[in-house]
Amino acid sequence: MLVMKFGGSSLASGEALVRVVGLVGKQISRRPVVVVSAIGRTTDDLVASAKLAREGRLQEARRRVSMIRQALCEAVGSVLADKLRLERELDRLVDDVERLLIALSTAESRECAAATDAILSHGEQFSSLVMTWLLQQSGLDAVHVDACEVLVTDERFMQAAPLYGPTNERLGDVVTPLSAAERIAVLGGFIGRTRDGRPSTLGRGGSDLSASVVGAGIGADEIQIWTDVDGIMTADPAMVSDAKRLPQLSFAEASELAYFGGRVLHPSTVWPAVDRNIPVRVLNSRKGDAQGTLIVADCQPSPLTVKSIVYKEGITVIDIRSSRMLMSHGFLSAIFLAFERLEIVVDVVSTSEVSVSLTIDRHDRLDELLNELREIAEVSHTDGQAIVCLVGDAIRHTPGVAATAFAALGEINVRMVSQGSSRTNLSLVIDERDVAAAVIALHHAFFDDVGLTAFA
């Protein structure tokens with residue numbers, strides 16, 4: 001069995017949709033299960049509509065929904081033969097979303113996230129229906145599966161986590177029999193439902209995670225993530241013109257890249273695959289015959305010390321100082337309890353005898369966090385920072401990586417340095433304005449002398 005996940009950019013036009021149908025058809029012997037994101041920019045537009053509704057701007061929200069309908073009609077209408085079926089489904093989508101927008105506009109604050117998820121779920125529901133119809137139209141035996149009926153989540157709306165036990169049970173009841181009968185199950189990614197039946201979403205980029213959860217649940221032989229890039233690159237090709245495709249990565253390397261800013265994979269994608277040791281392959285939907293990047297438990301030996309350089313912008317550095325309390329019992333615990341209470345994740349930590357510095361990328365509760373921390377210590381913060389991360393399994397046993405990095409950066413100031421316990425990454429905190437110069441300089445330092453055979 002094979003899971004094929006297609007992102008929104010791979011579904012953005014009639015031409016793209018037909019291309020995806022062809023890619024699925026080529027893999028029919030592997031009994032594919034198809035997971036799709038919302039078409040094009042549908043999710044972004046639904047998010048914008050929900051925001052307008054929360055602000056009481058219902059007429060603008062409804063106009064935005066009309067624009068969504070028009071865009072979807074143009075993308076799908078050019079390739080779907082049954083225009084009446086399409087119009088009916090689009091009318092139903094608009095009616096449902098407008099009803100939910102009205103409810104959201106008057107919802108209490110604690111219910112806004114749940115109401116927003118109910119709205120956002122319509123993007124993937126529609127795209128999975130459309131993909132089912134197009135596969136059927138091409139003569140393939142495709143069956144639409146409502147992802148909300150099989151993927152069970154907790155109640156952290158807009159950032160829900162899958163509940164693997166009940167999800168695997170439902171996948172076994174619904175998806176596995178379809179695959180065994182050589183029928184193509186088509187599901188929307190990103191969406192699920194809580195135990196009490198309310199729609200939920202896995203957070204932005206969550207379709208990758210959906211695909212991995214499905215793959216692990218049905219015991220797939222491979223999980224394919226189809227995107228609009230050739231695979232995972234040595235750096236962002238929009239920033240580094242000579243960035244190279246990586247033929248293979250370990251699960252640990254891919255996880256670090258995703259977490260620290262790699263834009264190809266959702267940070268949680270690989271973990272369900274790790275548990276079942278299922279290879280993950282990242283491919284370009286516009287280049288169906290390309291090899292992409294294969295992510296496996298144990299990589300083949302590589303001459304590369306650093307595999308890739310990624311960055312994460314929008315970082316805030318928080319400095320906590322207390323000469324009186326830092327070394328006292330329970331001080332660090334008190335600091336991290338504040339982060340836990342507010343559900344704020346820390347990326348990088350650096351300590352000295354009298355201070356702790358931490359980085360965060362969430363700002364909506366920053367004032368609350370600072371107020372709590374100021375009850376126990378002197379606190380300051382700096383916005384506009386970035387994390388540049390060097391990733392590679394060989395970093396752990398190769399001397400001189402940090403020295404090479406600092407030499408390459410020259411006069412670019414490094415505020416914090418951290419190496420994770422896995423020793424697969426070296427993270428450098430710098431000013432956001434220096435990111436491009438830093439990434440380009442580091443790429444030259446670590447990749448200019450590497451032969452092309454390393455990327456074959």
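The values are calculated or read from the model by the stated rules, or taken from the named source; none is laboratory data. These numbers come from a predicted model, not from an experiment. Quick reminder, even Gly has a Cβ in these numbers, built from the backbone with ideal geometry, and neighbours come from all protein chains shown.
Only one residue in Cys112, Cys148 is assigned to a helix (DSSP H, G or I), under 20 Å from the mean Cα position of the chain (by Cα) and either farther than 24 Å from Ala16 by Cβ or of a type in the set (Phe, Trp, Tyr) (or both). Which one?
The match here is Cys148.
For residues in the range 53-89 being of a type in the set (Asp, Glu) and in a helix (DSSP H, G or I), which is surrounded by the most Cβ atoms within 10 Å (Cβ to Cβ)? Outline the logic, then answer.
Our first condition is that a residue be of a type in the set (Asp, Glu); within the range 53-89, this holds for 55, 60, 74, 82, 87, 89.
Next cut, in a helix (DSSP H, G or I) only: 60, 74, 87, 89.
Numbers: Glu60: 15, Glu74: 12, Glu87: 13, Glu89: 19.
For the range 53-89, the residue satisfying everything is Glu89.
Return the residue satisfying two criteria in turn: it lies in the range 108-124 and is surrounded by 24 or more Cβ atoms within 10 Å (Cβ to Cβ) and hydroxyl-bearing (Ser, Thr, Tyr), and of such residues it is nearest to Gly197 (Cα to Cα).
Applying the filter and picking the extreme gives Ser121.
Among Ile318, Ile387, Ile395, Ile335, which is the only one that is touching a helix residue (DSSP H, G or I) at 6+ places or on another chain (Cβ under 6 Å) and in contact (Cβ under 8 Å) with a residue 24 or more places away in the chain?
Answer to the check: Ile395.
Does any residue of the range 415-429 turn out to be modelled with pLDDT of 95 or more, β-branched (Val, Ile, Thr) and more than 18 Å from Val349 (Cβ to Cβ)?
no
Give the residues of the range 151-186 that are of a type in the set (A, V, I, L, M) and either under 14 Å from Pro199 (Cβ atoms) or in a helix (DSSP H, G or I) (or both), sorted by residue number.
Within the range 151-186, Leu151, Val152, Met158, Ala160, Leu171, Val174, Val175, Leu178, Ala180 meet the criteria.
Can you tell which of Leu390, Leu373, Leu366 is buried (at least 16 other Cβ atoms within 10 Å of the Cβ) and within 30 Å of Gln291 (Cβ to Cβ)?
Selected residue: Leu390, the only one of Leu390, Leu373, Leu366 that is buried (at least 16 other Cβ atoms within 10 Å of the Cβ) and within 30 Å of Gln291 (Cβ to Cβ).
Taking into account only those residues within the range 410-455 that are part of a loop (DSSP other than H, G, I, E, B) and of a type in the set (Gly, Ala, Ser), which is surrounded by the most Cβ atoms within 10 Å (Cβ to Cβ)?
Ranking the candidates gives Gly420 first.
Could you count how many residues in the range 353-381 are assigned to a loop (DSSP other than H, G, I, E, B) and in contact with a helix residue (DSSP H, G or I) (Cβ under 8 Å, 6 or more places away or on another chain)?
So the count comes out to 2.
Would you confirm whether or not the range 291-305 contains a residue that is on the phi > 0 side of the Ramachandran plot, small (Gly, Ala, Ser) and at pLDDT 90 or above?
Applying the first criterion (on the phi > 0 side of the Ramachandran plot) to the range 291-305 yields 292.
Filter again for small (Gly, Ala, Ser), leaving 292.
Filter once more, keeping what is at pLDDT 90 or above: 292.
Yes; the residues of the range 291-305 include at least one that is on the phi > 0 side of the Ramachandran plot, small (Gly, Ala, Ser) and at pLDDT 90 or above.
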